[in-house]
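Values in this text are rule-based calculations from the coordinates and carry no lab data. These figures come from a predicted structure and were not determined experimentally. As a convention, Cβ positions derive from the backbone with ideal geometry for all residues, glycine included, and neighbour counts pool all protein chains shown.
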Ligand SMILES: Cc1ncc(COP(=O)(O)O)c(C=O)c1O
């Protein structure tokens with residue numbers, strides 16, 4: 001099958017699942033207002049950091065009484081500082097169903113070598129059996145598996161009253177999905193995802209129960225970069241913008257730009273609508289094709305941020321794993337060469353396939369303009385790889 005090459009290209013061919021597309025209208029001139037070459041401890045600069053905290057708190061609908069802080073090393077730093085501080089205080093269940101969640105499981109089981117870890121696993125495209133979670137223990141879950149396009153279907157899976165702490169990596173869910181704050185205790189995310197910020201520091205939100213637990217003695221000494229508490233309990237200054245180490249004020253300015261844009265267009269409901277519309281465009285296209293399908297077969301667990309797709313054409317399925325990976329590389333390369341879409345290959349550890357970021361910073365028109373290019377590229381890839 002040969003398809004003629006489409007002529008219409010996405011205006012912004014940016015579909016990476018991280019760092020994600022900038023917001024529509026973003027321009028480097030936003031950095032003109034950045035306070036550069038100054039100490040981040042000065043009042044005006046700390047105020048910018050505080051604004052990131054306050055806007056994130058409000059935009060995400062985080063309850064009063066929670067602490068929101070800016071922490072080193074993006075989401076990875078935020079998750080690991082929590083796991084290192086709390087891991088071993090009590091037994092922990094951890095969900096492992098794609099690349100990032102399996103890293104958290106490996107951290108707890110293999111690196112920290114905790115005595116009492118239960119890893120609940122599932123292959124790419126599925127969720128572990130959530131009914132197996134023991135909520136009297138601590139629980140580490142990833143809300144949206146960025147590398148498999150599978151998300152927790154609803155906050156209702158977490159009991160309102162749970163003895164353990166629920167730690168949630170919400171990197172690719174925050175600013176796109178409803179997070180059940182009344183059922184979560186620790187939530188982390190990074191700047192480089194749904195609002196399209198530059199990658200830099202990360203964010204952590206703590207419920208009052210989480211603060212109380214963090215103030216208990218940690219099972220191990222922590223490096224400075226992981227320390228949220230000191231001799232007198234929680235280090236409150238961190239939650240007022242006094243970061244543990246030096247942040248990039250360029251990245252802070254960019255994070256603020258994304259948050260201000262999100263507020264200006266109507267906040268979380270509008271961010272969610274935009275992302276859901278993007279998934280709807282992809283769903284409509286997939287339903288009319290026989291060469292491609294969602295990695296998440298269950299509709300209720302299908303992500304509308306990291307939209308992960310598998311190639312199911314018989315010629316592709318018949319290829320060896322190595323050839324499949326080469327075919328995906330070829331397909332995504334020719335789309336990128338045409339400047340019709342960048343960063344569309346599935347994550348390096350995931351099954352070979354395609355991934356389209358559908359978060360709110362991506363315009364539905366651009367997704368719709370991309371899709372015919374994928375049809376064209378698939379047909380060309382078939383010509384080269386079919387055996
Ligand atoms: C679910 C999840 N957790 C953690 C990370 C790591 O985030 P970062 O590289 O911002 O630390 C990512 C990055 O894509 C992610 O998607």
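Please give, to one decimal in nm, the separation of the simple spin-label points placed at residue 237 and residue 317, each 7 Å out from Cα toward the Cβ.
6.1 nm
Counting other beta carbons within 10 Å of each Cβ, put 385, 31, 316 in order, fewest first.
Final ranking by Cβ density, sparse to dense: 31, 385, 316.
Rounded to the nearest 500, what is the 222 nm mean residue ellipticity of the chain from helices alone, with -39500 (n - 2.57) per DSSP H run of 4+ residues and division by all residues?
After summing the helix terms and dividing by the residues of the chain, the value is -10500 deg cm²/dmol.
Just want the ordering: 301, 76, 7, 171, from fewest to most Cβ atoms lying within 10 Å of their own Cβ.
So the residues, fewest neighbours to most, are 7, 76, 301, 171.
Kindly express, to the nearest 10 degrees and within the range 0 to 90, the angle between helix 268-287's C-alpha long axis and the longest C-alpha principal axis of the chain.
30 degrees
What order do you get for 310, 5 when you list them from fewest to most C-beta neighbours inside 10 Å?
5, 310
Please report, to two decimal places, log10 I(q)/I(0) for segment 272-369 at q = 0.14, 0.17, 0.19 Å⁻¹ as given by the Debye formula with identical point scatterers on the Cα atoms and no solvent.
-0.52, -0.77, -0.96
By how many degrees, between 0 and 90 and to the nearest 10, does the Cα long axis of helix 249-265 differ from the longest principal axis of the chain?
That helix lies at roughly 70 degrees to the long axis.
Using a ≥ b ≥ c from the Cα gyration tensor of the chain (square roots of the eigenvalues), is it rounded, prolate or oblate, where a/c under 1.5 gives rounded and otherwise the larger of a/b and b/c decides, a/b for prolate?
It is oblate, given that a/c is not under 1.5 and a/b is not larger than b/c.
For segment 120-186, just say rounded, prolate or oblate: build the C-alpha gyration tensor, square-root its eigenvalues into a ≥ b ≥ c, call rounded for a/c under 1.5, and beyond that prolate if a/b exceeds b/c, oblate if not.
It is oblate, given that a/c is not under 1.5 and a/b is not larger than b/c.
As I understand it, the value is the acute angle between the Cα axis of helix 43-59 and the longest principal axis of the Cα atoms of the chain; what does it come to in degrees, rounded to 10?
60 degrees
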